[in-house]
């Protein structure tokens, strides 16, 4: 992001962050990156984040639930890739597992794996319809090895 702001004040940064967080769910790392782009003083970040959390503009649990739901339903990611991506955003803990359990139903998860296998098989050439390619594809989508072997 270009840094064309000159040391933004706390008040202005808080107002901009409120608008930024109300547009869609954000995590703390997203807000910190935005503060960095706005050239907000580093010592003000914690107080601004606390204010955003107090006013319910920023909520990690809500973010995790939305992230899990969106990545599974839209991008068809598996549980492993979802967890890895949340860890990449510096989000750790049991809340991830709880959100995955609550947001992803087992039947839907299995149905999604089956649909991905059918779609990928249709895209592969007759000579290329190897199980290895399907395996690598589903692994890259973040599905568990045991489930991949079970459905292939």
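Between residue 62 and residue 151, what is the spin-label point distance in nm, taking each point 7 Å from the Cα along the Cα→C-beta axis?
Using points 7 Å along Cα→Cβ, the separation is 3.2 nm.
Full extension from residue 73 to residue 108: what is 0.36 nm times the residue separation minus their Cα-Cα distance, to one decimal in nm?
Full extension of this stretch gives 11.7 nm more.
Once you place label points 7 Å from the Cα toward the Cβ at residue 122 and residue 89, how far apart are they in nm?
3.0 nm
Let me understand the range 106-151 better: what is its radius of gyration from the alpha carbons, and its Dmax, in angstrom?
Rg then Dmax for the range 106-151, in Å: 10.3, 33.
Give me Rg/Rg_expected for the chain, where Rg uses Cα atoms only and Rg_expected = 2.2 N^0.38 Å with N residues.
Normalised Cα radius of gyration, the chain: 1.34.
Please arrange 21, 27 by how many other C-beta atoms lie within 10 Å of their C-beta, fewest to most.
Numbers: 21 22, 27 19.
Result, fewest neighbours first: 27, 21.
Read-outs: derived from the displayed coordinates by stated rules, not from any lab. In this text the structure is predicted, and so the values were computed from the model without any measurement. So basically every Cβ, Gly included, is an ideal-geometry build from the backbone, and we count neighbours across all protein chains shown.
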